[in-house]
Amino acid sequence: MSKEQIISQLDQAIDAASKWADTGWTMKFGPYNDEVNSLQAAREKPETFVYRLEAIAYWEDIQEQGAETVAQGQKAKEALQNGNMMLARQAVHHAMFLEKKVNDKAPTWGKLFTAMSELN
């Protein structure tokens, strides 16, 4: 994989992570497993929904985690463009670590970290 392909994947990962709270994923709250799959959906829940604040807090945390991984992705992109592969890998590794806190499979940053590890 070339440096240009890695940069393209970085751009895709940055874009995806910036939208985690908006695009969301399946997330259930409370004993009745009520689905609240994004920050907007959490905010739209009625005040009477017992787990509304928990859902909002969860999705706001996802938004913050996404923003932090975006910052790491931008750091990696800049480092890669300047020829500093070690710093780029460290930044992507940090983003992957942050993503694993909310999604153990790290689908956004894990694949990118593996691809970067194979780059010479």
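The values are calculated or read from the model by the stated rules, or taken from the named source; none is laboratory data. Keep in mind the model is a prediction, meaning the values are calculated, not measured. Positions of Cβ are backbone-derived with ideal geometry, glycine not excepted, and every protein chain shown enters the neighbour counts. The area values use the complete protein model at the heavy-atom level, side chains included, leaving out ligands, DNA and RNA. Shrake-Rupley method; radii C 1.70, N 1.55, O 1.52, S 1.80 Å.
Odds and ends about this structure:
- Remark: relative contact order (the chain) = 28 percent; criterion is Cα-Cα distance under 8 angstrom and separation of 6 or more residues.
- Selected from Thr23, Thr108, Thr48 as most flexible by GNM, with the chain as the system and alpha-carbon contacts under 10 Å: Thr48
- Three-way shape label, the stretch 60-115, alpha-carbon gyration tensor, a/c 1.5: oblate
- Cross-link pairs exceeding 26 Å in C-alpha to C-alpha distance, out of Lys3/Lys111; Lys45/Lys111; Lys3/Lys101, comprise Lys45/Lys111; Lys3/Lys101.
- Share of carbon and sulfur in the accessible heavy-atom surface of the stretch 3-118 [1.4 Å probe, %]: 49 percent
- Accessible area per residue for the chain, computed on protein heavy atoms with a 1.4 Å probe, is 60 Å².
- Axis angle, to the nearest 10 degrees, between helix 3-18 and the longest C-alpha principal axis of the chain: 20 degrees.
- The stretch 3-118 - charge dipole about Cα centre, Lys and Arg +1 at Cβ, Asp and Glu -1, debye rounded to 20: 320 debye
- Dipole-positive endmost among Asn103, Leu87, Met27 within the chain (Cβ charges, Cα centre): Leu87
- 222 nm mean residue ellipticity, helices alone, for the chain (DSSP H n ≥ 4; -39,500 (n - 2.57); rounded to 500): -22000 deg cm²/dmol
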